[in-house]
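What follows is a short report on a single structure.
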Amino acid sequence: MTRLARALVAVIAAAACVAPPTTAVSSSPSASPSATQVTSATATGGAISSAKYGVLAGELATGGLRTFVVRESDGQVTATLSRELTPRAISPDGTRIAYFMAPAYDELWLADTADLDHPRRLLSISPRFTGGLVWSTDGNGILFTSHTRERVPGVESAPLEARLEGLHLDTDLRESFAERSEISLRPLLWAREQRVVAAVGGFGQKGPGDYLVVDRGAAKTSSLPDATRNDVTVAWPQASSDARWVSALVRYGTTRTVLRVWPSEDLGRAIDVEPAGRQIRSTLWRPGTSELAVDVDGTLEVWARDGTNRRQIADLAGNWLHAFRWDGTAIYAGREGGRPGIVDLIEIGTGRRVPLPAAIETVWGSVRLP
């Protein structure tokens, strides 16, 4: 793996594996609300899978990582792109994918998920390379970071400078929101109408140490104090689909994990949610809501953002959460054991589950099909 590839992995993989923030917290203690149980069962009634939705998937192939779309209902591949897209982001309407292409990671492309083989090149950030991208909530903008290839001596993952930028698709205007020195940045959200963007920065084995928000042109960087502790790791930084809320998992050693949630414009108003005596493995924001899917010791639950109104959906039975279906009614979970490539679709309302009728190595998200 090249030095650039290792640097990019340090920035992007930190997103889910070791990422964001902590803060001054007003604790929302969660020893309390216990989850209301929903009986889990294998699907026997109406169909859970739908021909209206597909899975954006990837698998290792000769020459790199192949990208394709698999229809939920029958496992048919509806579109294929034989190139490595890292990183990538699906548009809010589920019909387009924006991505930077390996190995240079310096050209932004846009493709229709129904026709991946005819992408459109949007711009080049050469000689820089990207640290990630997200769509604006209105689907008319793409927020991304550009990093210098020159590194901070002795710190391979830190560029000399990182810039947070946005491309307005309706006007082709490229806008620079903020610049930071000797730090990596990864974008989290862009609410174009509210003129709010946010990113996390400062990656390493323990995750980022800063939260950067630009609100109507005013940039503010907040330190994540817990991230400096030797026993703390910050992981899974992500924003809700409306860009109003941000969350991260803060792991204290191996015995305690806190879900930290804050309004996107103010890290200082964060609250902590912690299930007493149980460990949170991962979280995902539910599309179109302010709810989160939470994997608690192998049980899938759905919580309100403050940890209340908990519902127990299903026993994950060794599965790991991958992504929500575009409409938020079901979630994809990959099996750890057994035949590789099996992904279950779990219905949120009932807990029913079915395996997708195709072997899938990696799930990147959900798309809408024509």
Inset, instruction - Go through the residues of the range 177-184 one by one and say whether even a single one is farther than 20 Å from residue 91 by Cβ, among the polar types (S, T, N, Q) and in contact with a strand residue (DSSP E or B) (Cβ under 8 Å, 6 or more places away or on another chain). - result: yes
Inset, instruction - Just need a number here: residues in the range 310-332 that are modelled with pLDDT of 95 or more, out of contact with any Ser or Thr (no Cβ under 8 Å at 6 or more places or on another chain) and closer than 26 Å to residue 251 by Cβ. - result: 1
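Among the residues of the range 153-171, which ones are assigned to a strand (DSSP E or B) and either open to solvent by 20 Å² or more (accessible area, probe 1.4 Å) or within 23 Å of residue 89 (Cβ to Cβ) (or both)? Even if it seems obvious, please write down each step before you answer.
Keep residues of the range 153-171 that are assigned to a strand (DSSP E or B), which gives 155-159, 161-168.
Correct list: 155, 156, 157, 159, 161, 162, 163, 164, 165, 166, 167, 168.
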Inset, instruction - Would you check if there is a residue in the range 307-324 being closer than 27 Å to residue 245 by Cα and among the basic types (Lys, Arg)? - result: yes
Inset, instruction - Would you mention how many residues in the range 80-100 are open to solvent by 40 Å² or more (accessible area, probe 1.4 Å) and of a type outside the set (Ser, Thr, Tyr)? - result: 7
Inset, instruction - Could you tell me which numbered condition residue 66 fails, if it satisfies all but one of (1) part of a loop (DSSP other than H, G, I, E, B); (2) at pLDDT 80 or above; (3) over 27 Å from residue 305 (Cβ atoms); (4) not hydrophobic (A, V, I, L, M, F, W, C)? - result: (1)
Legend entry - Long-range neighbours under 9 Å by Cβ, at least six apart or interchain, first residue of a type in the set (Lys, Arg) within the range 93-119, second assigned to a strand (DSSP E or B): 96/90; 96/110; 96/111; 96/112; 96/135; 96/367
Inset, instruction - Within the range 69-111, work out how many residues are within 19 Å of residue 188 (Cα to Cα), in a loop (DSSP other than H, G, I, E, B) and among the polar types (S, T, N, Q). - result: 1
Inset, instruction - Test residue 121 against the criterion of being assigned to a strand (DSSP E or B), within 15 Å of the chain's Cα centre (by Cα) and not acidic (Asp, Glu), and give yes or no. - result: no
Legend entry - Pairs, first under 18 Å from residue 180 (Cα atoms) in the range 138-159, second at pLDDT below 90 and aromatic (Phe, Trp, Tyr), C-beta under 7 Å, six or more apart: 157/203
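Please return the ranges of strands (runs of 3 or more DSSP E) entirely within the range 188-274 where 1 or more residues are touching a strand residue (DSSP E or B) at 6+ places or on another chain (Cβ under 6 Å), free of Cβ contacts under 8 Å to residues at least 24 places away in the same chain and open to solvent by 10 Å² or more (accessible area, probe 1.4 Å).
Numbers: elements: 196-201, 210-215, 218-223, 232-239, 245-252, 256-263, 270-273.
Per the criteria, 218-223, 245-252.
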Inset, instruction - Give the number of residues within the range 119-146 that are touching a Ser or Thr at 6+ places or on another chain (Cβ under 9 Å) and either open to solvent by less than 10 Å² (accessible area, probe 1.4 Å) or modelled with pLDDT under 95 (or both). - result: 11
Legend entry - Residue check, residue 174 assigned to a strand (DSSP E or B), of a type outside the set (Phe, Trp, Tyr), open to solvent by 60 Å² or more (accessible area, probe 1.4 Å) and under 18 Å from residue 89 (Cβ atoms): yes
Legend entry - Filter result for residue 277 (out of contact with any strand residue (DSSP E or B) (no Cβ under 9 Å at 6 or more places or on another chain) and under 30 Å from residue 311 (Cβ atoms)): yes
Legend entry - Tally, over the range 63-79, of residues that are crowded, with 17+ Cβ neighbours inside 10 Å, among the charged types (D, E, K, R) and touching a residue at least 60 places away in the same chain (Cβ under 8 Å): 2
Inset, instruction - Read through the list (1) in contact with a Phe, Trp or Tyr (Cβ under 7 Å, 6 or more places away or on another chain); (2) open to solvent by 10 Å² or more (accessible area, probe 1.4 Å); (3) modelled with pLDDT under 95, then give the number of the only condition that residue 284 fails. - result: (3)
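The values are calculated or read from the model by the stated rules, or taken from the named source; none is laboratory data. Just so you know, these numbers come straight off a predicted model, no measurement behind them. Cβ coordinates were reconstructed from backbone atoms using ideal geometry, including for glycine residues, and neighbour counts include every protein chain displayed. Heavy atoms of the whole protein, side chains included, go into the accessibility calculation; ligands, DNA and RNA do not. Shrake-Rupley method; radii C 1.70, N 1.55, O 1.52, S 1.80 Å.
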